[in-house]
1. So how do 215, 20 line up by other beta-carbon neighbours within 10 Å, fewest first?
2. If each DSSP helix of 4+ residues adds -39,500 (n - 2.57) and the sum is divided by the residues in the chain, what number results at 222 nm, nearest 500 deg cm²/dmol?
3. Arranged by the count of other C-beta atoms within 10 angstrom, fewest first, what order do 222, 114, 173 take?
4. Under a 10 Å cutoff between Cα atoms, tell me which one of 274, 242, 107 has the largest fluctuation in the Gaussian network model of the chain.
5. Shape verdict for the stretch 145-215, please, from the Cα gyration tensor: rounded (a/c under 1.5), prolate (a/b greater than b/c) or oblate.
6. Using the number of other C-beta atoms within 10 angstrom as an exposure proxy, rank 122, 182 with the fewest first.
7. Can you give the % of DSSP beta bridges in the stretch 226-296 that are antiparallel, to the nearest 5?
8. Suppose a student asked you for the relative contact order of the stretch 241-304, using Cα pairs under 8 Å spaced at least 6 residues apart; what percent would you report?
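No lab work stands behind these numbers, since they all come straight from the coordinates. Source: prediction; values computed, not measured. Cβ placement follows ideal geometry from the backbone for every residue including glycine, while neighbour counts extend to all protein chains displayed.
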């Protein structure tokens, strides 16, 4: 008989350190929480730091439904050098240099990369081409062509411009930027495309994700803090932060907890809704289907 997993339930917003893969963070949390039931909602490149949302126990059922479509980043773009990965992790492929950048040209090209755009992801990315990850094809020596796809860059703001020299002496210009974008947007592709448009080449040298959906870096905890005290966000609080609420009386909570499709109020919005019992427990995640609750996940089954 399989051993029952009695680990904690809840959401954990991690401030991912540089050098960790998202899977590294999952493995670390499995050790801290002493449970195998850990999953993550979206990934971050090893070079990047910042918000990574993880679910423990029952909260893993919420991850696929979380509205994490908008993300915020702080990044540093280096103009004057190009790399194979479009970030500082890859080998240099060109060093055109950028001792200075015309402010009007910069503003124009940043504007062109803002709004609804078509973006070609980095060739060294996890995008699948005919069922195989692009980076795997590149490692196998293939010449990869990734089709452009629509993304939305809601905000692309240059906060600081610094000029200097790279380690190899190439004159470069570093831009500290803030980006608000849709899920699936590659910030390193923005760096690449901005550098290409300016004729200097460009790549990403630093990336910090400051928000994913409703979860902000101010609410995130470091690995060290989690080792000292795990304290995951309770299921009800996690759901209330991400979904509209539907408060149930005891009878409806019991029915829904037993998987019964009950009637829903007519004013419920579209999309996932957190159905909460009177004592605040998260009973289920549901959505309205012709006036009745279609159950996406039962989190608290009725007793008896």
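1. By the 10 Å Cβ count, ascending: 20, 215.
2. After summing the helix terms and dividing by the residues of the chain, the value is -5500 deg cm²/dmol.
3. 222, 114, 173
4. Maximum among the listed residues: 107.
5. Here the stretch 145-215 falls in the oblate category.
6. Neighbour counts put them in this order, fewest first: 182, 122.
7. For the stretch 226-296, the DSSP antiparallel bridge percentage is about 75.
8. The normalised contact order for the stretch 241-304 reaches 35 percent.
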